[in-house]
Structures are given as C-alpha cells and as structure tokens.
Amino acid sequence: MLRWLALALVVASASAQSDGFVFQPISSGKAVAGAQRDNHASTLVELKGGDVLAAWFAGTKEGAPDVAIYTARLHDGVWGAQTEVARASLSENNGVACWNPVLFRTKDGRLWLYYKYGTKPATWMGARKWSDDEGKTWSAEERLPAGILGPIKDKPLVLADGTIVSGSSVENGKWAAWVERSGDGGKTWTKFGPITLPDSLDVPDEKAKAAAAQVDSAGDGDEGVHTKLYPPSKTTVGIIQPAVVWLGGHHLRFYARGHTRAARIAIADSMDDGKTWTQARLIDLPNPNSGIDAVRLKDGRIVLIFNDSYNTRTPLNLAVSKDGEHFTVFKTLEDGPGQYSYPAIVQAANGDLMMTYSWRRETIKFVRVAVP
C-alpha cells in the first residue's frame with residue numbers, strides 16, 4: 001500500500017510539474033540567456049517513452065528576419081533547454097522569418113517538422129526536416145515543391161493507410177483554405193481548393209454585431225496584459241488554417257479560422273478521404289480571427305481548442321462534441337487579460353489531452369487534462 005501511494009505521488013508530482021511554462025518569459029525576470037521576446041504558433045507531439053516535444057517560432061517580433069524555429073523536450077516532468085532547429089538562410093533568403101512549425105509522425109514512425117519561411121504569409125514557401133531519434137537531431141532542410149506549403153498551422157491527419165491529409169491555406173487578399181494530400185509519405189503531393197465561405201452564409205448574429213461595435217481604446221499593442229480587440233470583419237475576407245479530423249468511414253471534416261462578418265468557426269467536409277471537399281459553412285462557436293485546433297478522441301468524440309469570443313483572444317476554452325457539429329464547452333484554460341492563442345492539441349497514449357499555446361506571446365504554455 002505504501003509503495004503504491006509513493007508511486008502515485010511521484011506520478012502526480014510529474015504531472016503537476018509538466019503543466020505550465022515551457023520556458024520562463026523575459027517579463028518574469030527568470031528567463032535564461034537567449035530567451036526571445038515574441039514566441040508563437042506552437043506545436044507538440046508525444047515521443048516514444050512518454051516524453052513530449054514542443055516547437056514554436058520566436059524572435060524579436062513576428063515576421064522579423066531573426067525569427068527561427070525552436071524546440072524543447074518534456075522529460076520526467078521537466079522542460080529542457082530551448083534548441084534552435086531551423087532558420088532561413090541569410091545567403092539564400094536575405095534572412096527572412098520562419099513561421100508556423102508543425103510536428104507529426106508518418107505511418108512509418110518517422111518524426112517530421114514542417115515549417116514555412118518568407119517575409120509575410122502571402123510569400124511563404126514550405127520546408128521540412130525529419131528525425132529518426134525522437135527529435136534529438138534533424139536532417140538537412142528539404143524544400144517543398146512550388147505551390148505546396150505543407151500543414152499550415154495544425155497537425156495533418158494521417159489515415160490508416162498512411163495517406164497524409166494536410167490542412168493548408170493562402171492569405172493573399174482574399175483568404176482561402178486548401179487541402180494537400182500525399183499517398184507516399186510526403187514524396188509527392190496533390191491539392192484541392194480553394195475552399196471558401198460563400199458571402200451569402202457569412203451572416204453576423206447579434207453577438208457578432210455587438211463585438212464589431214466595440215472600440216479598442218488601448219491601441220494596437222499585442223503583448224502583456226492588454227487585451228487587444230480583433231473585431232469581426234466588415235466583409236468576408238475568408239478562412240484559413242484548417243484542422244482536419246476523421247469522422248468515420250471516408251468522412252473527413254476540417255475546422256477553420258475565419259476573418260468574417262459572422263466571426264464564427266467554419267467547417268467543410270470530404271466524403272472520399274480528403275480527395276474532394278465541400279465549400280465551407282459556419283457552426284455556432286465564435287472565432288475572433290484566431291487559430292484553433294481539433295482532435296478526434298479514441299472514443300470518436302471531437303475536441304476543439306479555441307478562443308470562446310467574437311473579438312478577443314481570451315478566454316481559451318475546450319469544447320467536446322459527439323457529432324462533430326454541436327459542441328459543449330467543458331473547460332476554460334485561460335480567462336485573464338491579454339491573449340492566449342494559436343493552440344495545438346493531441347491525445348496522449350494514456351488518453352489525456354495535451355496542449356500548447358501562446359501565453360501572451362511571451363512564452364509557450366503546456367497543459368495536460370483528463371478527457372471528460
């Protein structure tokens with residue numbers, strides 16, 4: 001009995017230590033040398049043996065030429081040091097920024113890191129690296145073919161036969177979602193799109209109208225405790241950053257961020273394993289022009305992580321659905337001032353939900369919760 005209790009205490013202690021900051025922010029006064037001012041767009045994957053690997057981009061500010069991709073490993077409840085793993089070549093790309101890393105495994109077990117580089121989203125090009133030692137070392141950079149960006153923010157769906165179904169998007173004037181698909185582990189790709197939200201479906205409700213009428217009196221600052229407003233758009237700009245899940249059989253669905261009048265999450269469906277897709281439509285959950293992520297649980301339910309607001313990136317919530325259409329919020333992860341955004345979510349081997357997200361863009365936060 002005493003031995004069992006001691007083991008339980010050790011497990012509880014490790015779990016408690018794992019929740020929290022991946023690294024201390026500069027504002028804490030406890031940051032290690034080399035800490036960056038702006039940290040955003042995290043991704044995570046569970047490693048063999050139960051460790052967790054997180055990645056994100058960081059630098060002086062989003063889009064700056066010093067922005068690179070960093071990783072850190074959670075081992076025995078403690079986050080290790082940050083390690084730079086990708087930086088755009090000064091000679092080839094004039095020191096342009098790196099963006100939006102995505103970690104995932106292909107069916108053969110290989111660990112992949114996809115990311116983008118460019119001066120702004122409209123000029124992005126895709127790149128990737130792979131690791132056969134659980135992220136301790138990485139291959140040389142491989143450039144993706146022209147017109148293929150790879151998973152744009154969220155992990156792709158890997159089907160039972162190994163096919164990669166990757167949510168992508170473009171931001172060039174109008175926004176549009178695309179789906180990139182590979183049946184050979186990423187050697188070759190096809191893509192389907194653009195997938196858009198028809199203007200006729202982008203109808204704001206009273207809450208969206210009220211959010212659009214609010215005025216941000218504190219200016220455009222985006223760091224710290226200021227809660228910046230991201231009001232609904234005056235026109236239908238579009239949808240981006242789809243998160244793809246399997247709903248059973250050949251039915252796939254994606255959930256997408258939108259910059260729309262209605263300020264709600266958009267979805268689209270495929271009935272042929274992601275080869276073709278419907279145009280998008282809206283569900284009831286709000287979206288303040290902010291990144292989201294989704295995961296299908298082992299029991300078939302869908303969990304979304306999103307900002308439950310029409311115009312602020314706080315609060316950050318979890319919601320669950322049995323049918324992938326109607327969701328119930330079951331947990332609030334953050335509800336303070338500032339922004340808590342660009343989340344990533346996976347289900348661990350033991351069934352827990354594991355998440356990372358940008359904490360006021362000062363650091364990346366990791367949270368593990370039990371499935372409801």
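The values are calculated or read from the model by the stated rules, or taken from the named source; none is laboratory data. Everything numeric in this text was worked out from a predicted model, so none of it was measured. Neighbour counts run over all protein chains shown; Cβ positions are idealised from the backbone, glycine included. Protein only, heavy atoms only, side chains kept; ligands, DNA and RNA dropped before computing areas. Shrake-Rupley method; radii C 1.70, N 1.55, O 1.52, S 1.80 Å.
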Segments classed as strands (runs of 3 or more DSSP E), wholly inside region 52-155, with at least 1 members that are open to solvent by 10 Å² or more (accessible area, probe 1.4 Å): 68-75, 83-86, 97-105, 111-118, 125-131
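Being aromatic (Phe, Trp, Tyr) and in a loop (DSSP other than H, G, I, E, B), is that true of even one residue in region 337-348? Before you say what the answer is, go through the steps one by one.
Of region 337-348, the ones aromatic (Phe, Trp, Tyr) are 340, 342.
Now narrow it down to the ones that are in a loop (DSSP other than H, G, I, E, B): none.
No, region 337-348 contains no residue that is aromatic (Phe, Trp, Tyr) and in a loop (DSSP other than H, G, I, E, B).
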Return the residues of region 17-32 that are at pLDDT 90 or above, within 15 Å of Ser358 (Cα to Cα) and assigned to a loop (DSSP other than H, G, I, E, B); say none if nothing qualifies. Val22, Phe23, Gln24, Pro25
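From the list Ala218, Ala160, Ala176, which residue is modelled with pLDDT under 95 and not in a helix (DSSP H, G or I)? Please lay out each step first, then the result.
Details: Ala160 fails: modelled with pLDDT under 95; Ala176 fails: modelled with pLDDT under 95.
Answer to the check: Ala218.
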Which residue is surrounded by the most Cβ atoms within 10 Å (Cβ to Cβ), if the candidates are limited to region 42-51 and must be among the hydrophobic types (A, V, I, L, M, F, W, C) and in a strand (DSSP E or B)? Leu44
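For every residue, the table says whether it meets (1) among the aliphatic types (A, V, I, L, M); (2) within 24 Å of the chain's Cα centre (by Cα); (3) on the phi < 0 side of the Ramachandran plot.
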residue	(1), (2), (3)
Lys191	no, yes, yes
Ala212	yes, no, yes
Tyr230	no, yes, yes
Ala262	yes, yes, yes
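Please note which strands (runs of 3 or more DSSP E) are completely contained in region 224-293 and include at least 3 residues that are hydrophobic (A, V, I, L, M, F, W, C) and under 25 Å from Ile364 (Cα atoms).
Numbers: elements: 238-248, 251-259, 264-270, 281-286.
Passing ranges, in order: 238-248.
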Considering only region 304-358, state which residues are within 12 Å of Asp293 (Cβ to Cβ) and either among the basic types (Lys, Arg) or in contact with a His (Cβ under 7 Å, 6 or more places away or on another chain) (or both). Tyr342
If Ser358 satisfies all but one of (1) in contact (Cβ under 8 Å) with a residue 60 or more places away in the chain; (2) assigned to a loop (DSSP other than H, G, I, E, B), what's the number of the condition it fails? (2)
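Considering every residue within region 301-320, establish whether at least one is open to solvent by 40 Å² or more (accessible area, probe 1.4 Å) and within 30 Å of Trp189 (Cα to Cα).
First, the residues of region 301-320 that are open to solvent by 40 Å² or more (accessible area, probe 1.4 Å): 301, 308.
Still in the running and within 30 Å of Trp189 (Cα to Cα): 301.
Yes; the residues of region 301-320 include at least one that is open to solvent by 40 Å² or more (accessible area, probe 1.4 Å) and within 30 Å of Trp189 (Cα to Cα).
Yes/no matrix, rows are residues, columns are (1) among the hydroxyl-bearing types (Ser, Thr, Tyr); (2) in contact (Cβ under 8 Å) with a residue 24 or more places away in the chain:
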residue	(1), (2)
Pro151	no, yes
Asp154	no, yes
Ser166	yes, yes
Asp184	no, no
Lys187	no, no
Thr196	yes, yes
Val203	no, yes
Val215	no, no
Looking for whichever is surrounded by fewer than 18 Cβ atoms within 10 Å (Cβ to Cβ), among the small types (Gly, Ala, Ser) and either under 21 Å from the mean Cα position of the chain (by Cα) or farther than 19 Å from Asn311 by Cβ (or both) here; the options are Gly183, Gly258, Gly238. Which one fits? Gly183
Scan of region 357-372 for residues that are open to solvent by less than 30 Å² (accessible area, probe 1.4 Å) and touching an Asp or Glu at 6+ places or on another chain (Cβ under 6 Å), ordered by number: Arg361, Val367
